[in-house]
Amino acid sequence: MDINTPLPESGVGFVTNNRGPNGAFQFGQKSTIDAALRVGAAWKVSHPHPFSIGQISKKGGGPMPPHQSHRLGVDVDVRPVRIDGQNSGVTIDDPAYDRAVTTALIEMWWQKAPVQLVLFNDQTVIAAGLSRAHPGHGNHFHVRLRMKGATIRIRDRGSDVAELQAKLGLTADGRFGPATVEAVEEFQAAHGLLPDGVVGRDTWAALGV
């Protein structure tokens, strides 16, 4: 896997933090960086203040202490949004924390990126089905993305699910539900593939992705 694409220091809709020397901690797979840029562009349309992206991976990947993850160029740390819109730290217990706008930002990641999971300890966000609790995730949310062409199946969400749905002529809501399973099975059967409703390498290839 190629973990050599750098995230710019800033761009449309986003700024950065904790980049490391010369941006050493903000490299990712190209699909990850492309997804971050998409989220930024979409965010800029409706929000005046950019959001702030933190650490991703080192160039080439591998261990990145103190993180247990961030090895594969698909993990992205993002600061919660502050009420004043400033690019500085804030926790979910801080009066400066803007819960509503942070929730909207997490929703934007789910819509515009191939999100596998989000780790963030705001109980309101968790109750909305947008994140899971994890120790140490009260001052940032952690987005883990699927790699390009990764297998997706029922109950998955994200931009890759929406891409699949568009290819199949479905409403692209980004949620892999029963209707999407049925459409996938029909497509697989029509193309000589095992009709299991799971979209892996062969099904993506038949879809031309």
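Structure data summary
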{"quantity": "HIS49 in contact with a strand residue (DSSP E or B) (Cβ under 7 Å, 6 or more places away or on another chain), closer than 22 Å to LEU130 by Cβ and assigned to a loop (DSSP other than H, G, I, E, B)", "calculated": "no"}
{"quantity": "Any hit, the stretch 73-89, residues being in contact with a strand residue (DSSP E or B) (Cβ under 6 Å, 6 or more places away or on another chain) and in a helix (DSSP H, G or I)", "calculated": "no"}
{"quantity": "Some residue of the stretch 53-67 being of a type in the set (D, E, K, R) and either more than 16 Å from the chain's Cα centre (by Cα) or crowded, with 19+ Cβ neighbours inside 10 Å (or both)", "calculated": "yes"}
{"quantity": "Scope the stretch 18-52; condition more than 18 Å from the chain's Cα centre (by Cα) and aliphatic (A, V, I, L, M); matching residues", "calculated": "ALA24, VAL45"}
{"quantity": "Subset of the stretch 12-35 [assigned to a strand (DSSP E or B) and basic (Lys, Arg)]", "calculated": "none"}
{"quantity": "Any chance ARG38 is assigned by TED's automatic domain parsing to the domain that holds HIS137 and assigned to a loop (DSSP other than H, G, I, E, B)", "calculated": "no"}
{"quantity": "Near pairs, Cβ below 6 angstrom, 6+ apart or cross-chain, from the stretch 1-25 (closer than 23 Å to ALA104 by Cα) to any residue that is among the basic types (Lys, Arg)", "calculated": "VAL12/LYS44; GLY13/LYS44"}
{"quantity": "Meets criteria (assigned to a helix (DSSP H, G or I), among the basic types (Lys, Arg) and either surrounded by fewer than 22 Cβ atoms within 10 Å (Cβ to Cβ) or in the same structural domain as VAL12 (by TED's automatic domain parsing) (or both)) for LYS44", "calculated": "yes"}
{"quantity": "All helices (runs of 4 or more DSSP H) inside the stretch 123-209 with 1 or more residues being in contact with a Leu (Cβ under 7 Å, 6 or more places away or on another chain) and crowded, with 17+ Cβ neighbours inside 10 Å", "calculated": "159-167, 178-190, 201-207"}
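Conditions (1) in contact (Cβ under 8 Å) with a residue 24 or more places away in the chain; (2) in contact with a strand residue (DSSP E or B) (Cβ under 9 Å, 6 or more places away or on another chain); (3) not β-branched (Val, Ile, Thr), marked per residue:
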| site | (1), (2), (3) |
| --- | --- |
| LEU117 | yes, yes, yes |
| ILE126 | no, yes, no |
| PRO135 | no, no, yes |
| MET147 | yes, no, yes |
| PRO178 | yes, no, yes |
| VAL184 | no, yes, no |
| GLY200 | yes, yes, yes |
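The values are calculated or read from the model by the stated rules, or taken from the named source; none is laboratory data. Predicted model only: the values in this text are computed from it and were never measured. Note: ideal-geometry Cβ built from the backbone for every residue, glycine included; neighbour counts use all protein chains shown.
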